[in-house]
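The values are calculated or read from the model by the stated rules, or taken from the named source; none is laboratory data. Computed from a prediction, not measured in an experiment: that's the story for all the values here. These accessible areas exclude ligands, DNA and RNA; they are computed on the full protein's heavy atoms, side chains included. Shrake-Rupley method; radii C 1.70, N 1.55, O 1.52, S 1.80 Å.
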Amino acid sequence: MDSAVDHRDHLKFLGHLDESEKAVWLVAQMLSKRGHKVSVPVTTKAETYGEWKDHADDGDLFIERPALRVEVKRRGFDFTDAGDWPYPDFMVCAQHSWDRASPKPYLYIILSRSGTHAASVFGSSSSSWNVEKRTDSRYENVRQEYYFCPLDKVSFFKVPTGTAPAV
């Protein structure tokens, strides 16, 4: 990848990172209202693409006692349940993200675009995941391998009132 593309994609990534922080805090609030003590680590940002490894996090948030790692994502489309999920399977994360994670995520929570609904995938279901190489449509030249989970291993739910953001 040439350096101009690296720079453009890095700037796009930083924008996505800013947006993802909103989703992380939404889920932290939701879990807190359900009685869980949560912690959200500090997020740092690489100034250049070449520095990304120095700023890769070890988890989006943690449920304390015991410490359980939770990864949070937000999709660019709305969904309510498996019936209106637009794909035959469920993208969990980039393969390198899971493979290098320590500790492994206990749970993934994926919010709909509006934040009114979400889906969850437990890390314990990883033996049923498969790997596929896909292009990340958010960037100009990023193609990588992702883990996909069968829909019957995914739980869909409505985000409790009072935690979903205004659209």
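Structure summary
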quantity	calculated
Equivalent ellipsoid dimensions for the chain as semi-axes, Å, which come from the Cα gyration tensor, largest first	25, 19, 17
Gaussian network model of the chain, springs between alpha carbon atoms under 10 Å - residue of VAL24, VAL131, VAL38 with greatest fluctuation	VAL131
Among THR80, THR48, THR116, residue whose mean-square fluctuation peaks in a GNM of the chain (springs only between Cα atoms under 10 Å)	THR48
Within the chain, helix-based [θ] at 222 nm, where runs of 4 or more DSSP H residues each add -39,500 (n - 2.57), nearest 500	-7500 deg cm²/dmol
Accessible-area value, LEU151, 1.4 Å probe, nucleic acids and ligands omitted, Å²	40 Å²
Contact order relative to length of the range 1-66, as percent, for alpha carbon pairs under 8 angstrom and 6 or more apart	33 percent
Spatial separation of Cα centroids for the range 122-165 and the range 49-66, in angstrom	18 Å
q = 0.11 Å⁻¹, the range 1-74: log10 I(q)/I(0) [Debye, one scatterer per Cα]	-0.34
Cross-link partners of LYS153 among lysines (Cα-Cα below 28 Å; sequence separation of 8 or more within a chain)	LYS22, LYS33, LYS37, LYS73, LYS104, LYS133
Within a Gaussian network of the chain (alpha carbon springs, distance under 10 Å), most fluctuating of SER128, SER102, SER137	SER137
